[in-house]
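A.B. asks: One structure, pasted below without further comment.
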Amino acid sequence: MSKIMTMCDAVARFVPHGSSVVMGAALESLIPFAAGHEIIRRQVRDLTLIGPISDILFDQLIGAGCVRKVIAAWVGNVSAGLGHNYRRACEQGIPHRLEVIDHSNFTISLSLLAGGLGAPYIPTYSLLGTDILRTNPAFRQSLSPFGGEKILLVPSLQPDVAILHVQRSDENGNAHAWGNLGISEEAALASQRIIIVAEEVVPHQIIVSDPNRVLAPSFKVCAVVREPGGAHPSPVQGYYNRDHEYYHEYHRATRTVEGNAEWMGKWVADVKDRAEYFQKLGRERRQGLQLKEHRYAAPVDYGY
């Protein structure tokens, strides 16, 4: 049975108040901004956001009052550095205080890997001697049972839902993604359910022609949303490039609470859907993000 549904329906059904949600698992690319904006429009509350760097999507969700807790390596604006909403929440409690659980990019990947494996933790030498051990009470120091040296135990994470943007998927959630995937596979396998947001929905025959590119098992996918351009302003390799100026505009606009409210109204709250969003962005600007050249991978032979 087809799992295709609208973004509105997918968020309403599978991202309830209080959910733990992985987004931005591919780091700077394939960030599901369209999904995040729908979460804001639906005023979902008390979310726990999980991810590596997340770029400005986490900052937007925090500024909209959707977030109670952040488990991440970094929250901010890669182009400009600072996430104003995140800083206001942490320093001033605006719109409200956040609980922040610190990770490195490496340990957040280990936590999700452990969750996907069904393991309680994964041992590592990473972070020993760092201050992150003081800000994440879930980490445990121990001694290796083999050599007796000091190790760190990174506890598993099993989020309620992973929202993953991909290049293409069939209607059942067998999805192809390529380029920088970051920890998308670990996030998919660790989460209880997956929402796939795809640039294209393609016939199943296209997916099975290259089975090694499938991101995650389709039985974990609860919804497939066709949303061309749904990762803008982040890039999707083979489809469009990063909108650098958008990040700088966001940085300037959200310096104040009032500026953030104005920006949120213009780009999220007063925008019905992604089609209306792109009307506001403008055809010329969107065309400027299109590919300048194609670089196709060599075909593979699955014959026997």
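The values are calculated or read from the model by the stated rules, or taken from the named source; none is laboratory data. Small disclaimer: the values here were computed from a predicted structure and weren't measured. Note that each Cβ is placed from the backbone with ideal geometry, even for glycine, and that neighbours are counted across all protein chains shown.
A.B. asks: Can you say whether residue 144 is of a type in the set (S, T, N, Q) and either buried (at least 19 other Cβ atoms within 10 Å of the Cβ) or under 18 Å from residue 116 (Cβ atoms) (or both), as far as the supplied structure shows?
C.D. replies: Criteria not met by residue 144.
A.B. asks: Then there's this: Looking at residue 111 and the list (1) within 24 Å of residue 190 (Cα to Cα); (2) assigned by TED's automatic domain parsing to the domain that holds residue 193, which single condition is not satisfied?
C.D. replies: Failing condition for residue 111: (2).
A.B. asks: Here is a list: 169, 191, 218. Which entry is under 23 Å from residue 49 (Cβ atoms), out of contact with any Cys (no Cβ under 7 Å at 6 or more places or on another chain) and either among the aliphatic types (A, V, I, L, M) or at pLDDT 95 or above (or both)?
C.D. replies: From the options 169, 191, 218, the qualifying one is 191.
A.B. asks: For the list (1) among the hydrophobic types (A, V, I, L, M, F, W, C); (2) farther than 17 Å from residue 224 by Cα; (3) out of contact with any strand residue (DSSP E or B) (no Cβ under 7 Å at 6 or more places or on another chain), I need the number of the one condition that residue 72 fails.
C.D. replies: If we test residue 72 against (1) among the hydrophobic types (A, V, I, L, M, F, W, C); (2) farther than 17 Å from residue 224 by Cα; (3) out of contact with any strand residue (DSSP E or B) (no Cβ under 7 Å at 6 or more places or on another chain), just (3) comes out false.
A.B. asks: Could you tell me which of the residues 44, 154, 67 is in contact with a Cys (Cβ under 6 Å, 6 or more places away or on another chain), buried (at least 18 other Cβ atoms within 10 Å of the Cβ) and not aromatic (Phe, Trp, Tyr)?
C.D. replies: 44
A.B. asks: Go through the stretch 221-235 residue by residue and tally those that are touching a helix residue (DSSP H, G or I) at 6+ places or on another chain (Cβ under 8 Å), within 17 Å of residue 177 (Cβ to Cβ) and outside any loop (DSSP other than H, G, I, E, B).
C.D. replies: So the count comes out to 2.
A.B. asks: Could I ask something else about it? Before we move on, is residue 34 small (Gly, Ala, Ser) and closer than 21 Å to residue 228 by Cβ?
C.D. replies: yes
A.B. asks: Kindly indicate whether residue 145 is farther than 24 Å from residue 295 by Cβ and either without any contact (Cβ under 8 Å) to a residue 24 or more places away in the chain or within 15 Å of the chain's Cα centre (by Cα) (or both).
C.D. replies: When the stated conditions are applied, residue 145 passes them.
A.B. asks: Mind checking which residues of the stretch 41-68 are in contact with a strand residue (DSSP E or B) (Cβ under 6 Å, 6 or more places away or on another chain) and either within 17 Å of residue 11 (Cα to Cα) or outside the structural domain of residue 92 (by TED's automatic domain parsing) (or both)?
C.D. replies: 46, 47, 48, 49, 50, 58, 61, 66, 67
A.B. asks: Taking residue 299 as the residue in question, decide whether it is in a loop (DSSP other than H, G, I, E, B) and surrounded by fewer than 15 Cβ atoms within 10 Å (Cβ to Cβ).
C.D. replies: Spelling it out, residue 299 is indeed in a loop (DSSP other than H, G, I, E, B) and surrounded by fewer than 15 Cβ atoms within 10 Å (Cβ to Cβ).
A.B. asks: Name the strands (runs of 3 or more DSSP E) wholly inside the stretch 1-116 in which the number of residues that are of a type in the set (S, T, N, Q) and under 20 Å from residue 160 (Cβ atoms) is 1 or more.
C.D. replies: The strands (runs of 3 or more DSSP E) meeting that bar are 20-22, 47-51.
A.B. asks: Give me a count of the residues in the stretch 229-252 that are without any contact (Cβ under 8 Å) to a residue 40 or more places away in the chain and out of contact with any Gly (no Cβ under 9 Å at 6 or more places or on another chain).
C.D. replies: Total meeting the criteria: 3.
A.B. asks: When the residues of the stretch 124-136 are filtered to those that are surrounded by 14 or more Cβ atoms within 10 Å (Cβ to Cβ) and not in a loop (DSSP other than H, G, I, E, B), which remaining residue is modelled with the highest pLDDT?
C.D. replies: 124
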